[in-house]
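First up is the structure itself, then whatever we jot down about it.
The values are calculated or read from the model by the stated rules, or taken from the named source; none is laboratory data. These numbers come from a predicted model, not from an experiment. Ideal geometry is used to build each Cβ from the backbone, glycine not excepted, and the neighbour counts take in all protein chains shown.
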């Protein structure tokens, strides 16, 4: 037994040593800051809106610069994700990182979340910070947002361009010196951002915080980049101790590993997270992701280093992300209320009220579970998948009220007062925002004869969800308070 234990210790130490050597191969960029000159107004419109000091946090911004590599592959990229990438041509770059950190070092939990900022709307945005900031703050994470892609720095485009607000365009006095050589270099730029957090060349951008683990996160388009990063770059760098891949479609990055003007190296469809990944990966999927975005074709079973969470009643984006979450300080039961809107943002108008489901609460639990896994080696239990019909077209099977069957269950779908779906017709952005259809008064009266009956049912469902691991106790308390304050029942 002693020999076996010593063998495990040796293995762990060996892996750690290998990871340290691999990380050392990633260049440490020049770090400049904190940046104070010039106005940054309008350069980060999709984030939380409250003063971080209200929640015991502070903000700092830095520029990082150096030489980044694009990557190449001698063989076509395969659907199993077992890719072998090698560094290719290099180019100079300069970009920014934005840091939110606990003001009191004693509040820091030791884990840094590095988010690949999303540029689908033509502007840097932080959907994972917005979606899970209440848990990030109450658990004491530090968060680093990386402007990894060309559109966020230089402007010009996005998958669903709502605006053209590259940093250099919207605030040239502050960001005019930034240089992005193209998205083929984005993977190494992201690695170097993590490297400067792990091994700063001088004073740390984390201040006096003592770093223990680093987790990479990305949502939607950034999740696609995360898939490509895990399959192609992680085996070369081993910089991250875990990954949260949030709302990935069936593909990796749409442009593949490399794109024009560099040699085009397209990725396959579908593509899996590579089977030999050696750190925890949590894939978080909504109903929209499985159906409309095609993740069903890339669905993978759980394994030693992979957990997949599929959440009932959710859409790729929702009212919390687009409307209400930015101002949420984490203590209001209003975060559990249904919000009915067909115009969640300027320039977006949908025919039906968009999804107002429970995604943000389950996302909080996902961050907590992944951090526990990364920090202590305790993998979260496997969660039930959504009940999906594969033909004639991929679709979510639903109950008599139109809510999804299977998946991670919350009070919003177990004790429903509305139907939440992951799809609606109309413009592309609306197709990703899903729908909310409140039950009429006769249906509510039939389901919940009294208000007390409704409140009890919500409390029981919340208890089950906490026990299953898809809901955290503080959020269960908010859901129960919202139910008690409602007029549902009777």
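Look at region 461-490: where a residue is in contact (Cβ under 8 Å) with a residue 60 or more places away in the chain and on the phi > 0 side of the Ramachandran plot and a partner is buried (at least 16 other Cβ atoms within 10 Å of the Cβ) and assigned to a helix (DSSP H, G or I), sitting 6+ places away or on another chain with Cβ atoms under 7 Å, you get 469/365; 469/369.
Suppose the filter is assigned to a helix (DSSP H, G or I) and modelled with pLDDT under 95; does residue 169 pass it? Before the answer, list the steps.
Details: assigned to a helix (DSSP H, G or I): yes; modelled with pLDDT under 95: yes.
The answer is yes for residue 169.
So which residues in region 270-312 are more than 28 Å from residue 213 (Cα to Cα) and outside any loop (DSSP other than H, G, I, E, B)? The answer is 287, 288, 289, 290, 295, 296, 297, 298. When region 369-388 is filtered for residues that are surrounded by fewer than 18 Cβ atoms within 10 Å (Cβ to Cβ) and in a helix (DSSP H, G or I), the ones remaining, listed by number, are 372, 375, 376.
Within region 131-144, being crowded, with 24+ Cβ neighbours inside 10 Å and assigned to a helix (DSSP H, G or I) holds for 131, 132, 133, 134, 136. The residues on offer are 465, 457, 461, and the sole one that is in a helix (DSSP H, G or I), within 23 Å of the chain's Cα centre (by Cα) and at pLDDT 95 or above is 465. Looking across region 87-120 at every residue that is in contact with a helix residue (DSSP H, G or I) (Cβ under 8 Å, 6 or more places away or on another chain) and outside any strand (DSSP E or B), the one that is modelled with the lowest pLDDT is identified as 120.
Yes or no: residue 81 over 19 Å from residue 174 (Cα atoms), in contact (Cβ under 8 Å) with a residue 12 or more places away in the chain and more than 21 Å from the chain's Cα centre (by Cα)? For residue 81, the condition - over 19 Å from residue 174 (Cα atoms), in contact (Cβ under 8 Å) with a residue 12 or more places away in the chain and more than 21 Å from the chain's Cα centre (by Cα) - is not met. Applying the criterion of at least 3 residues that are closer than 19 Å to residue 307 by Cα and in contact (Cβ under 8 Å) with a residue 60 or more places away in the chain to the helices (runs of 4 or more DSSP H) found wholly in region 173-242 leaves 221-228. Given the conditions (1) surrounded by fewer than 24 Cβ atoms within 10 Å (Cβ to Cβ); (2) modelled with pLDDT of 95 or more, and given that residue 260 satisfies all but one, which numbered condition is not satisfied? Only one criterion in (1) surrounded by fewer than 24 Cβ atoms within 10 Å (Cβ to Cβ); (2) modelled with pLDDT of 95 or more is unmet by residue 260, namely (2).
If I filter region 204-232 down to residues being surrounded by fewer than 24 Cβ atoms within 10 Å (Cβ to Cβ) and out of contact with any strand residue (DSSP E or B) (no Cβ under 8 Å at 6 or more places or on another chain), which single residue comes out as nearest to residue 155 (Cα to Cα)? Here the residue is 204.
One line per residue, one yes/no per condition, for (1) modelled with pLDDT under 95; (2) buried (at least 20 other Cβ atoms within 10 Å of the Cβ); (3) under 24 Å from the mean Cα position of the chain (by Cα):
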{"position": "33", "(1), (2), (3)": "no, no, no"}
{"position": "38", "(1), (2), (3)": "yes, no, no"}
{"position": "47", "(1), (2), (3)": "yes, no, yes"}
{"position": "53", "(1), (2), (3)": "no, no, yes"}
{"position": "57", "(1), (2), (3)": "no, yes, yes"}
{"position": "66", "(1), (2), (3)": "no, no, no"}
{"position": "85", "(1), (2), (3)": "no, yes, no"}
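Please indicate, with yes or no, whether at least one residue in region 321-332 is farther than 22 Å from residue 425 by Cβ, part of a loop (DSSP other than H, G, I, E, B) and over 20 Å from the mean Cα position of the chain (by Cα).
Our first condition is that a residue be farther than 22 Å from residue 425 by Cβ; within region 321-332, this holds for 324-332.
Adding the requirement that they be part of a loop (DSSP other than H, G, I, E, B) leaves 328-332.
Those left that are additionally over 20 Å from the mean Cα position of the chain (by Cα): 331-332.
Among the residues of region 321-332, at least one is farther than 22 Å from residue 425 by Cβ, part of a loop (DSSP other than H, G, I, E, B) and over 20 Å from the mean Cα position of the chain (by Cα), which makes the answer yes.
Just one residue in the set 167, 113 is buried (at least 22 other Cβ atoms within 10 Å of the Cβ) and out of contact with any strand residue (DSSP E or B) (no Cβ under 6 Å at 6 or more places or on another chain); that residue is 167. Of all residues in region 336-388, how many are without any contact (Cβ under 8 Å) to a residue 12 or more places away in the chain and under 19 Å from the mean Cα position of the chain (by Cα)? Final tally of qualifying residues: 1.
Among the listed residues 128, 183, identify the single one that is surrounded by 18 or more Cβ atoms within 10 Å (Cβ to Cβ), in contact with a helix residue (DSSP H, G or I) (Cβ under 6 Å, 6 or more places away or on another chain) and at pLDDT 95 or above.
Numbers: 128 fails: in contact with a helix residue (DSSP H, G or I) (Cβ under 6 Å, 6 or more places away or on another chain).
Answer to the check: 183.
Count, please, the residues in region 440-454 that happen to be part of a helix (DSSP H, G or I) and either over 16 Å from residue 410 (Cβ atoms) or at pLDDT below 95 (or both).
Initially, region 440-454 is screened for residues part of a helix (DSSP H, G or I), giving 441-447, 451-454.
With the extra rule that they be either over 16 Å from residue 410 (Cβ atoms) or at pLDDT below 95 (or both), the set shrinks to 441-447, 451-453.
Going through region 440-454 one residue at a time, the tally reaches 10.
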